[in-house]
1. Assess whether B:Ala225 counts as being farther than 21 Å from B:Glu416 by Cβ and more than 14 Å from chain A (Cβ to nearest Cβ).
2. What residue, of B:Thr276, B:Thr258, B:Thr322, B:Thr328, is within 14 Å of chain A (Cβ to nearest Cβ) and polar (S, T, N, Q)?
3. Could you check, for segment A:317-334, whether at least one of its residues is modelled with pLDDT under 75, surrounded by 16 or more Cβ atoms within 10 Å (Cβ to Cβ), over 20 Å from A:Asp208 (Cα atoms) and more than 14 Å from chain B (Cβ to nearest Cβ)?
4. Would you call A:Pro101 without any contact (Cβ under 8 Å) to a residue 24 or more places away in the chain, out of contact with any Gly (no Cβ under 8 Å at 6 or more places or on another chain) and within 8 Å of chain B (Cβ to nearest Cβ)?
5. Just to be sure before I move on: is A:Glu141 surrounded by fewer than 24 Cβ atoms within 10 Å (Cβ to Cβ), in contact with a strand residue (DSSP E or B) (Cβ under 6 Å, 6 or more places away or on another chain), assigned by TED's automatic domain parsing to the domain that holds A:Val122 and in a helix (DSSP H, G or I) in the structure I sent?
6. Sort out which residues of segment B:295-312 are in contact (Cβ under 8 Å) with a residue 12 or more places away in the chain and either more than 14 Å from every other protein chain (Cβ to nearest Cβ) or surrounded by fewer than 24 Cβ atoms within 10 Å (Cβ to Cβ) (or both), and write them in order of number.
7. Would you tally the residues in segment A:188-217 being touching a Pro at 6+ places or on another chain (Cβ under 8 Å) and more than 14 Å from chain B (Cβ to nearest Cβ)?
8. With respect to the numbered conditions (1) within 9 Å of another protein chain (Cβ to nearest Cβ); (2) outside any helix (DSSP H, G or I); (3) closer than 28 Å to A:Asp111 by Cα, which one is the sole condition not fulfilled by B:Asp119?
Amino acid sequence: MPNYTLNIRRYSPESGEPAHWEKFEVEMEGHRPVLDAILYARNKVDGSIGIRCSCQAAICGSCGVRINGNPALACNTLLRDAVATAEDGITIDIEPMGNMPVIKDLIVDMDAVHWKKVQRVVPWLIPAGEPPEREYVVPHEAMVDVTQTMACIHCGVCVSDCLSMEADPDFVGPAASAKAYRFVGDPRDAATKDRLVHLAEDPSGIYDCTHCFKCVEVCPKGVAPMNQIMRLRRRATGDFQIKDRNNGYRHEKAFVNIIEKWGTLHEAKLLPDSYGEGLLGKLNPEAQKNLIGSAPTAIRGVLSGKVAPIKVLHHHKLPDQKKVKDIYEKIHGRDERIELNLYIVGEDADALEESAAVAVTEEGTS
Amino acid sequence: MTVGIISKIHPVRSHSNAAQGGINAALNPDDSWESHAFDTVKGSDYLGDQDAIAIMCSEAPEEILHLEHLGVTFHRNDKGLLGTRAFGGASAARTYYVADITGQAILHVLYEQMLKYDDKIDRYEEWFTVGLAIDDDGRCTGAIMRNIRDGAIEVFRAKTVILATGGSGQIYKPTTNALVCTADGMAMAYRSGAALMDMEMIQYHPTTLLGNGLLITEGARGEGAHLYNAAGERFMEKYAPNKMELASRDVVSRAEQTEINEGRGFPDGSVHLDVTVVPKKRIHEALREIVMVGRDFAGIDITKEPIPIRPGQHYIMGGIKTDVDGRTDIPGLYAAGEVACVSVHGGNRLGANSLLDTLIFGKRSGAHAAGVAKSMNMPSVADSQADDVRNEIQAIIARDKSGGRRVSDIKDELGEMMNDKVAVYRDEEGLKSALEVVKRLQEESKTAWIDDAGTIFNQDVLGAIELGYMLDIAETIVMGAIERKESRGAQFRTDYPERNDEEWLKHIDIKLKDGTPTIEYSPVTITQWQPQERTY
């Protein structure tokens, strides 16, 4: 049987000692999960190793940790996969999740961060008036669609490595945003617009996400939190035209317009255009403040050779810009927005062929 | 009046999450609660109490609608109405579901409601119950708790207490049950003098993953999946020609075990569950969790390959004896869900009836307990009870590590032994030796030691307390299995292979009397369905 070295980050607030690493040798089949190895160490070597765990089947969401620096559930990460990402090919580093205070060893305080953020999105259904005598009649697709976010097990793995949250600890974050979509996407909920206004106007709301894709990559349940954030934005802007004080609406509009016109991102135009098109945008006091604020970044870019000054002023169109225009025309020509939900159709070839049949169409303003 | 919810783990981590397939209710106009009730009675092998079953099945439709109104994202048919899937032992497709995460969806929506009523409900998350407070009149007046986060012991006074602590699966190894399912509520009630009922009735689920014992939902067979032996035969033809793979769980589990025991299983000791016959799009939509379980835990693409499975410990039909309002033998103490035995499941629970049992009798317990609480004053609990618990915990921590065994070693031996001797097929010899082992382990547990001496998140010391709970309950399981000299539902005695209604159509109650487990009998309530031969 293969031998694995677990290198566990230990911390006991009672001991008075700082956090440190401790190694445990475990002999175990490679197809067993990392959690089994941790529990082996706890049951046979040191019963004081702290880790929350319960179902061992990736459904209770207790055992989120960082494995070789990557957030994951210990119960559904196999030893052979974990060791493949080990720096020395044998030692598996296991440490508590990030963005949350550590209570003991691998146990973090989810109440202080994650559950507080969940409470911020008013996490319960707000139906209109009294319920019907029977069930609410809602489309099959809509229920399948929100089941993707219902599948969230609140393990905190996406919260652990959210870059935006690292920069802004107040950011509502991937998991709570997915929870918000669970109601925004639910046709039975009557507070859709209020929810979206709230999320858009919140200075640490949906426009705080920087699209790094980390949460999509690490989510053990396919919830794809960032995709839900993007869908919340599309609902807020496309369906409700919510012009938020964070300028998310205009920023997105500017972004789309620039790509339509140039084919690639014209960084120098994006910021002023996010405050209004043309001269109006440039003269906007907020825009000026931001432009001045971004000057050092721009200068650093020029000095390091990453940005050519000529390109800042003179942005070239793509050689085949016509093709980009064609895409825009095709999309604008549609009666309604189509949301392709890969959660439902899967990602393999034959499932994608069926995708037209199950693509979720979202209703317009309600 | 205030309500406090106390849980040793965060509530959304609870094991109701694991109920994958769905929840039964006769809600379709062409279905009837009587049909649901009959299926449940037959499924129970006539050991279920028919008055309680009638209540559960007749209140089921309303409960589904209530959950739907609260926000559970139940599957809809193409008309946008609630849709159903087929499930085992049922004469109609009456299982309502959310993909294969029904329990999770319901649990999370109920937690949403708890957050909504935050000002009315006090939540104590990550508090461990060490014992019940019982006053001189024998009334339950609260509980003694340990705050897992800082180790503080507190007395919680209560006019009424409802146990909703779930099952006891960790007595077995492997099991589909989570690590938290350690019989806490059953043991605390039993130690306080409440009767346990039908403890021998342990359900083995027909489809658990070979190796680690993970659950593969009955919904897979509900969606049309087949079972095959190594010769490629759909062996259920021999055992249940009408219902095939959708016979009652005890029937299918026994069939599989027979195939394996008689050499028709695969060399690794499994039979195969073939989901590939289900359309791929339907698998992705309705069996998503199982796709992930196959991929993550077995390295199998279930849309292309069969799944090696075998029967595995899953559920206990027995539990704390209650009436239809959740009342136990102890005034002020209620129980609901897997911890309780009303009994609606008798000798064998139908799939998708466990969430229903929990919800219906949970609600009834709550209503009754609230009614009682309204008309009484808050009782007092002597602080000495907390001191006793503090001393007990200190004593565990102080145990000498040079002698005795590790707590975890004893737990492992218990689990493996129970899965060997108190499983699908049982006999007197095996059961008697099982009882001897349990008694020896009980002795050994008194000196069993742990490593962690801390107060913050000392999970080690909780493990020692849980081991004590499990050993007490294991003893009652084995005693019940020895006592019942017949084969009914999940109890199959190779030395008494027939059902014997004349002598054993009765419940077996086990109670602690002067510290000694004592067996009594109580009658089964039969209303309109007389016992018949049970075939599928």
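1. yes
2. Sole residue among the options that is within 14 Å of chain A (Cβ to nearest Cβ) and polar (S, T, N, Q): B:Thr276.
3. no
4. The answer is no for A:Pro101.
5. Criteria met by A:Glu141.
6. B:Phe297, B:Ala298, B:Thr303, B:Lys304, B:Glu305, B:Pro306, B:Ile307, B:Pro308, B:Ile309, B:Arg310, B:Pro311
7. Within segment A:188-217, residues that are touching a Pro at 6+ places or on another chain (Cβ under 8 Å) and more than 14 Å from chain B (Cβ to nearest Cβ) number 3.
8. Looking at each condition in turn, B:Asp119 falls short on (1).
The values are calculated or read from the model by the stated rules, or taken from the named source; none is laboratory data. In this text, all values refer to a predicted model and were calculated from it rather than measured experimentally. Cβ coordinates were reconstructed from backbone atoms using ideal geometry, including for glycine residues, and neighbour counts include every protein chain displayed.
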